[in-house]
Structures are given as C-alpha cells and as structure tokens.
Amino acid sequence: MTLKNDLLIRAAKGEKVERVPVWLMRQAGRILPEYRKVRNSVSGFIELAKTPELAAEVTIQPVDILGVDAAIIFSDILVIPEAMGLPYQMIEKKGPWFENTIQSASDLSKIRIAEPEEDLDYVLEAIKITKKELDSRVPLIGFAGAPWTIFSYMVEGSGSKTFSKAKKMLYSEPELSHQLLDMITKSTISYLKAQIKAGANIVQIFDSWAGILSPEQYETFGLKYISDICDAIDEVPVTVFAKGAFFARQQMGALNCETIGLDWNMSIAESRQLIGDTKTLQGNMDPCVLYSDDKDIEAHTIKMLETFGGHRHIANLGHGVYPDIDPGKVKVFIETVKNWRA
Ligand SMILES: Cc1c2[nH]c(c1CCC(=O)O)Cc1[nH]c(c(CCC(=O)O)c1C)Cc1[nH]c(c(CCC(=O)O)c1C)Cc1[nH]c(c(C)c1CCC(=O)O)C2
C-alpha cells in the first residue's frame, strides 16, 4: 500500500518535499483529553499498552486531532526489559519501577534475549491494527530505546537524576556491562525488525540518557551498540535521537542511519556542520516554547524552520511534549510548520 502522505519518509531519505513534515515526540498519551478518557477505562498504562485495539486507538488520536504527519505506536521503551525477564510497573506520578534489577553476573544469567514474536506480540498486534485503521493516511513510526538507556533502567530499577548506579557499573564492571548491552542490542534488533514486518514505516531509537555519559564512555557503551542496530536495519529509514549527546554529533554523522534528532541545546547550524549533508535532521524547538502565546510560538517555529532551511528537515520538538501543554498550542506549532514554505 502506498502512503497518501509520505512526506516524513521522503524527508528522511533526503528526497524533495513540498513542505516540511511535522510530528511530536510523545504525542500519544500525554496531552490529549481524549487519551485520558481511554486511559481511565483501564487499570493503567500497562494494560492500555497490552490491549492492541486501545493502543491503536490512542496511536491514531494525534493524527485525527492534531493533524501530525506521522503516528508513533503507543507503547514504551521499557517493554524490552520486560521481554528479557525484568517486569516493570508504572507508578502514578513517579514513573517506571522494576522489582528485580541487574547487579551481578548471577542476575544476568537469569535474563534472556527477547523473542518479540512471543514476548511482544501485543505491540506487533497493535501495529497491525493501527496500520489497518490508518489506511495509509500517514506513516507509522516504530521505536525502541537505545541499549544504554535500557541498560540504565535495568540496573537502576527506576528513573534517576544521575543514573550513578548504571554509570558505576560501566566503570567497575565493563565486561558485565558489555554482556548486558549486547543482549539488549540483540533483543532490540529483532524487536525493530518485527515492528517493521508488522508494518512500521520508519523506526526511531531513543537514547534519552546519552547526555549523562562522558564522550569516551558514550563511544564505548552507547554509540557502538546504536551503530550495530543501524547496521542491522536496512528495511526502512532509521532515526537516532540521543538526548544531550552534543559531543557525539560528528560521530553520529557516520552512523548507518537516515535521520539524527537534535535536542534544543544543539545549535542547528553547528549540528549541520558537524553531522554533514548526508543526514536528515529532526527537531528541535524547546518544548517550553509551547507555554508561550500563539504569536510567540509562531515566531519561534518560523525561526527554527528558516534556520534548518526546509531541506532534509523533519520538524519536531527537542524532546517529548510536556504533559501539561495545551493541545491548542501544539496545534499552533503544527499549523505553522504546515503553512511555511522554504
Ligand atoms: C525514557 C523513555 C520512557 N519512555 C519513552 C522514553 C524515551 C523518550 C523520552 O526520553 O521521553 C518513550 C515513550 N513512552 C511512551 C511512548 C509512546 C508514544 C508517544 O507518546 O510518543 C514513547 C515513544 C508512552 C508512555 N510512557 C509512559 C507513559 C505514562 C504512563 C501513564 O499513563 O501512567 C506513556 C503514555 C511512562 C514512562 N515511560 C518512561 C518514563 C520515564 C515514564 C514516566 C514519565 C512519563 O509519563 O513520561 C520511559
């Protein structure tokens, strides 16, 4: 089935587009009252994510309500630790929590490489239903966490300001760390391939905690595994978003991927220079601009679009949209992008 709106895919591949495509990281499940309604009909996030019909419904809501140029499948990066043998809970107002974590070789021996067709069949089913209901209106984005970010949660057992337990393991037990990262990488590659087989048109790797590593650690424990994933995926375009990894932009330019996500700390011109002309750049407006009035949102959005220049650009925020942002403000951002021409 050919896509009716394939702007995102063409922009990712560096082909000519009539206008810049736009979507928002975390567009599903954060800001829409329509989402809250569905979410309140079940026990919580995990039940929602594991009910494919409902996951498909909330995946499509931003396409219908906000008018974005892509849907992103409603799930979480933490489904991989669960599929490997570490189940999680989402605690209201606190975030993810794991009862068991990885601290030693003995812990590592108790987990396995995920088998997506078995362990993550609910995500694959949600993708299939979403594709059917989207009816090729826009592309569907599949995703996974980057190995380092997943490792952080598996070692730490919850969110953290510093992720110092996870970093400690990199310094004190490099070999064990590599073994775990390798298992996560293998799980992630088969998971992304399964998402593509089920219908994902493009995939994004989220390295949310990239920015807390030193450049040397990031090269050894972060980028290496992202690079392995990029090399393994050749079916669809790949986007790498490494939050805070300003120090690694030049190396990211050499990854076997189509698009690099920028956060709002990264200067657009400098990023283009460091990454080179062979990648599409995605981003990167500060999510907090969306707390401003409409006129200022428009001005900031246009300035961002002009700086990227309208070619090899996918408009987005520099990180996920915050939960208390008014959907009306998000619409101003989206409409401004859609009305702008280079
Ligand atoms: C680090 C990370 C996580 N999850 C994710 C990341 C990477 C992106 C980033 O850096 O923000 C990615 C993610 N999580 C979720 C999606 C679905 C699609 C989308 O909305 O874009 C995506 C793409 C759903 C979710 N993931 C989560 C919810 C809220 C759960 C609930 O309803 O209680 C949703 C809809 C929970 C979650 N999941 C995670 C945390 C820290 C939390 C708690 C804080 C929060 O709400 O974001 C881990």
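Quick notes on this structure:
- P(r), alpha carbons of region 1-98 - 10 Å bins starting at zero, rounded %: 14, 39, 30, 16, 2
- In terms of distances greater than 24 angstrom between alpha carbons, the cross-link table entries Lys13/Lys193; Lys50/Lys94; Lys167/Lys224; Lys4/Lys186; Lys37/Lys93; Lys186/Lys243 yield Lys4/Lys186.
- In a DSSP loop and with at most 10 other Cβ atoms within 10 Å, the GluC sites (Glu not before Pro) in region 43-105 are Glu92, Glu99.
- A helix-only calculation puts the chain at -13500 deg cm²/dmol for mean residue ellipticity at 222 nm, using -39500 (n - 2.57) for each DSSP H run of at least four residues, averaged over all residues.
- Since only Gln204, Ser190, Tyr171 are under comparison, the one whose Cα sits farthest along the positive direction of the charge dipole of region 149-213, derived from C-beta charges on Lys, Arg, Asp and Glu, is Gln204.
- Across all C-alpha atoms in the chain, the radius of gyration and Dmax reach 19.0, 57 Å.
- For region 25-169, alpha-carbon Rg over 2.2 N^0.38 Å: 1.11
- Lys, Arg +1 and Asp, Glu -1 on Cβ, resulting dipole of region 7-339 about Cα centre, debye, nearest 20: 380
- Across the chain, C-alpha contacts under 8 Å between residues 6 or more apart give a mean separation that, scaled by the residue count, equals a relative contact order of 23 percent.
- DSSP finds beta bridges in the chain, and of those with both partners inside it, around 15 percent are antiparallel.
- Taking other residues whose beta carbon is less than 14 angstrom from the beta carbon of Thr278, and scoring Lys, Arg as +1 and Asp, Glu as -1, yields +2.
Rule-based calculations on the coordinates, nothing more; no lab input. None of the values given here were measured: they were computed from a predicted structure. FYI the Cβ positions are ideal-geometry reconstructions off the backbone, even for glycines, and counts take in every protein chain you see.
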